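Q: My questions all concern the structure below.
Nothing in this text is a laboratory measurement; each read-out follows from the coordinates by a stated rule. Quick caveat, the model's predicted, so the values are computed rather than measured. Reconstructed Cβ throughout: ideal geometry from the backbone, glycine too, with neighbour counts over all protein chains shown.
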Ligand code: MEV
């Protein structure tokens, strides 16, 4: 039996603007994971994929071309020089909430690639894993920036610019994030497409908004490198205001952002596509319990405290 896993992620700064070429920052969230187990299957079975959480199972040879799970299994098999339909059972489990901006699709795809590479004893560098996963992100999200597959495959905080590349950077002082779920499913594809329509109707306005977000992401990187958590929190608040102006927040997210600040968070914002999904708050050791409680009172269905280092 072979087992491999991959973490979830959150966008710290720059979601949406990153699709238009501005820098963004994302971090892995190891408190949630996707896991893939591979076992030999009976002769002539072919490759069977079992998705436990979705109660779904399918044979690879019967799956459609544009099925993201089938796509990543086929791509991974080809990359590890196994073109056929080997007799294997892949069982997928995940603790990453689906459609909440935490990169569940990218994590499942990454875990599949890692598991198949391990099973066939084929070494794939993280860059190759990320590139393969990007090809399924296109099926999930339409026009992904590429930040999700990058942060999940490398499992490091990244400063990412679409089309240019990414840099890893120094986290001077570890910090705590409270990641709170609205419980509302959000389709990244839909929110990105809606924003695209608004952008096309008023390019100048959105270019200015996206430009401000990009400046905030660059200043945030500096604040992280210098361990300046007060500045970092302020930048999260500024980024949230711009996300509201872009029309990607929602009353539930706004309520939780306010609640986190009232609980003593240094800053708070939505994370990911918005209109549901998760929000994040920068918290101190002393304030984390109170912020957690305030977030639950404001409607959070789950709160994860994650240490960024
Ligand atoms: C999704 O995690 C973040 C977005 O910026 C979309 C993307 O970068 O592809 C909303």
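Q: How would 212, 16 line up from fewest to most surrounding beta-carbon atoms within 10 angstrom?
A: By the 10 Å Cβ count, ascending, the order reads 212, 16.
Q: For helix 288-297, report the angle its Cα long axis makes with the longest principal axis of the Cα atoms of the chain; keep it between 0 and 90° and round to the nearest 10°.
A: It is inclined by approximately 80 degrees.
Q: Here is a further query. Enter the angle in degrees (range 0 to 90, nearest 10) between the Cα long axis of helix 203-226 and the first principal axis of the Cα atoms of the chain, meaning the one along which they spread out most.
A: It is inclined by approximately 90 degrees.
Q: Here's something else I'd like to know. Angle between the Cα long axis of helix 251-262 and the longest principal axis of the chain, 0 to 90 degrees, nearest 10?
A: 60
Q: Suppose the chain between residue 156 and residue 202 were pulled fully straight at 0.36 nm per residue; how much longer would it get relative to their current alpha carbon spacing?
A: Details: separation 46, 0.36 × 46 = 16.56 nm, distance 3.55 nm.
Here the segment from residue 156 to residue 202 would lengthen by 13.0 nm.
Q: Then there's this: Separation of region 128-183 and region 239-257 by C-alpha centroid, Å?
A: Between the Cα centres of region 128-183 and region 239-257 lies a distance of 21 Å.
Q: Which of 126, 271, 145 moves most in a GNM of the chain, Cα contacts under 10 Å?
A: 126
Q: What's the ranking of 177-190, 112-125, 54-67 by average number of surrounding C-beta atoms within 10 Å, highest first?
A: Ranking the peptides 177-190, 112-125, 54-67 by packing returns 177-190, 112-125, 54-67.
Q: State whether region 175-308 is rounded, prolate or oblate according to the following rule on the C-alpha gyration tensor (a ≥ b ≥ c being the square roots of its eigenvalues): a/c under 1.5 gives rounded; otherwise a/b larger than b/c gives prolate, and the remaining case gives oblate.
A: Cα axes put region 175-308 in the oblate bin.
Q: Among 75, 88, what is the fewest-to-most ranking by other Cβ atoms within 10 Å?
A: Listing 75, 88 from fewest to most nearby Cβ atoms yields 75, 88.
Q: If a/c stays under 1.5 just call it rounded; otherwise compare a/b with b/c (prolate if a/b is bigger, oblate if not). Do that for region 189-263, with a ≥ b ≥ c from the square roots of the Cα gyration tensor eigenvalues.
A: Note, shape of region 189-263 comes out oblate.
Q: For the chain, give me the percentage of DSSP beta bridges that are antiparallel, rounded to the nearest 5 percent.
A: Working: 47 of 52 bridges.
Taking every DSSP beta bridge with both residues in the chain, the antiparallel ones total about 90 percent.
Q: Which of 203, 257, 248 moves most in a GNM of the chain, Cα contacts under 10 Å?
A: In this elastic network of the chain, the residue with the biggest mean-square fluctuation among 203, 257, 248 is 203.
Q: Under the 0.36 nm per residue contour assumption, what length would be gained going from the current alpha-carbon distance of residue 184 and residue 262 to full extension?
A: 25.8 nm
Q: Measure out, as a whole number of angstrom, how far apart the alpha-carbon centroids of region 1-43 and region 201-219 sit.
A: That distance is 26 Å.
Q: Taking springs between alpha-carbon atoms closer than 10 angstrom, which of 221, 261, 205 fluctuates most in the Gaussian network model of the chain?
A: 205
Q: Express in nm, to one decimal, how much length is gained between residue 305 and residue 164 on full extension, taking 0.36 nm for each residue of separation and deducting their alpha carbon distance.
A: In short, 47.6 nm is gained.
Q: Given the -39500 (n - 2.57) contribution per DSSP H run of 4+ residues, what per-residue ellipticity at 222 nm results for the chain, rounded to the nearest 500 deg cm²/dmol? Working shown, then result.
A: Values: 9 runs with 130 residues, N = 309.
Estimated from H runs of four or more residues: -13500 deg cm²/dmol.
Q: Let me ask something else about it. When a/c reaches 1.5 or more, the comparison of a/b and b/c decides; with that in mind, is region 2-168 rounded, prolate or oblate per its Cα gyration tensor?
A: On the way: a/c = 1.94, a/b = 1.82, b/c = 1.06.
Verdict is prolate for region 2-168.
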